[in-house]
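The structure appears right after this line, and notes come after that.
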Amino acid sequence: MKTKIFIPLISLMCTVLFLTGNSSAEGFASSEAGIAAYVNVGMSIDLDQAAGTYRGIEDRTSTYIIGIVDVPNANDYEMPHVYTTSDGWVMAYYPKEKPRALIMPWGQFDKNTPDISQLSNSRLEEAIAKVSGVNGIEYSTIKPNTKYYDFQYPDANRLTMIARSSAIDGVQSFRFRVPTEITLYDTSWEYYSYGSEQNGRCSRQNSLFKLDGNELIGTNGSFNHNSRSDGGNGLDERYYGTINGLTKDVLHKGDLWYYQYYNNPNGCAYGPYIDAGSSNIAIAVIYKAP
């Protein structure tokens, strides 16, 4: 299977106009929000209908709702928050302490036969689509008006996502360079593994990702964990973190390992495969371009 690198570039706005004059929205956004996507749906929104799309509501008034919305193939840590107003605004966001790489929509491709070129909307857009859809609005009709903003880095104007997936036994590598002329604000990652080999099983490695020869240090949302699978048939694993001090004007190398899980009841006689599975990495870069 051919693996692919998917590098969408998203423009970040320097202001979020719909927050102007809305003290409640400005308060929670400036104190809580990190990366966000927002759009006006072009009509008023029935908040009772919108509330039905929320997994949990954190705050509600007569004019807005704030809470968590489910998106495909996301665990609790990965689900975005959504701010919906009765006058037509929908903003999906992640809290500022969470990695921006969480916007990667792993649910848009088959985890056994990944093809990242099929991806379209980010997880934030998936959440907006869910809320707007219940009010009869097709997201494709408002997608061109969707804007991105990072409340923690208001001067940032670009987000680039670097991603790779593999379901091939062994290692797949790629390289990228960070231009000298940009102002780099934030680099984060999410590693996603499904159905990989168990650690130490017949001297086979876990599935994992290394950047410049080192595993990334992060969390699974509950405790510290590197960019390495624990392994096991059917295990669905996600790990997240930030990358500090990414050197500019250097060719960085990413190595993505995947080792399929085998059924070997008799010692180390490999085969057959239990599950196809895959190993996946996403790196999000927030920066200001000249």
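The values are calculated or read from the model by the stated rules, or taken from the named source; none is laboratory data. Since the structure is predicted, the reported quantities are computational estimates derived from the model, not experimental observations. Don't worry about glycine lacking a Cβ; one is built from the backbone with ideal geometry, like all the others, and counts go over all protein chains shown.
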* Any idea which residue in segment 98-112 is farthest from residue 81 (Cα to Cα), counting only those that are touching a strand residue (DSSP E or B) at 6+ places or on another chain (Cβ under 8 Å) and assigned to a loop (DSSP other than H, G, I, E, B)? -> 112
* Asked: Quick check, is residue 185 assigned to a loop (DSSP other than H, G, I, E, B) and of a type in the set (Phe, Trp, Tyr)?
  -> no
* To do: Scan segment 146-168 for residues that are farther than 11 Å from residue 39 by Cα and assigned to a loop (DSSP other than H, G, I, E, B) and jot them down.
  => 151, 152, 153, 154, 155, 156, 157, 167, 168
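Go through segment 60-97 and count every residue that is out of contact with any strand residue (DSSP E or B) (no Cβ under 8 Å at 6 or more places or on another chain) and assigned to a loop (DSSP other than H, G, I, E, B). Full working, then the answer.
The initial filter retains those residues of segment 60-97 that are out of contact with any strand residue (DSSP E or B) (no Cβ under 8 Å at 6 or more places or on another chain), namely 61-62, 71-74, 76, 87.
Next cut, assigned to a loop (DSSP other than H, G, I, E, B) only: 61-62, 71-74, 87.
Of the residues in that region, 7 qualify.
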* Please find, within segment 74-91, the residue that is surrounded by the most Cβ atoms within 10 Å (Cβ to Cβ) out of those that are under 11 Å from the mean Cα position of the chain (by Cα) and without any contact (Cβ under 8 Å) to a residue 60 or more places away in the chain. => 80
* To do: Return the residue satisfying two criteria in turn: it lies in segment 92-114 and is farther than 15 Å from residue 77 by Cβ and buried (at least 24 other Cβ atoms within 10 Å of the Cβ), and of such residues it is farthest from the chain's Cα centre (by Cα).
  => 114
* Asked: Would you say residue 117 is within 20 Å of residue 286 (Cα to Cα) and surrounded by fewer than 18 Cβ atoms within 10 Å (Cβ to Cβ)?
  -> no
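One line per residue, one yes/no per condition, for (1) touching a strand residue (DSSP E or B) at 6+ places or on another chain (Cβ under 9 Å); (2) assigned by TED's automatic domain parsing to the domain that holds residue 124; (3) at pLDDT 95 or above; (4) surrounded by 17 or more Cβ atoms within 10 Å (Cβ to Cβ):
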{"site": "21", "(1), (2), (3), (4)": "no, yes, no, no"}
{"site": "24", "(1), (2), (3), (4)": "yes, yes, no, no"}
{"site": "27", "(1), (2), (3), (4)": "no, yes, no, no"}
{"site": "30", "(1), (2), (3), (4)": "no, yes, no, no"}
{"site": "33", "(1), (2), (3), (4)": "yes, yes, no, yes"}
{"site": "36", "(1), (2), (3), (4)": "yes, yes, no, yes"}
{"site": "41", "(1), (2), (3), (4)": "yes, yes, no, yes"}
{"site": "49", "(1), (2), (3), (4)": "no, yes, no, no"}
{"site": "54", "(1), (2), (3), (4)": "yes, yes, yes, yes"}
* Asked: Could you say which residue among 143, 130 is in contact (Cβ under 8 Å) with a residue 12 or more places away in the chain, among the basic types (Lys, Arg) and either surrounded by fewer than 20 Cβ atoms within 10 Å (Cβ to Cβ) or assigned to a loop (DSSP other than H, G, I, E, B) (or both)?
  -> 143
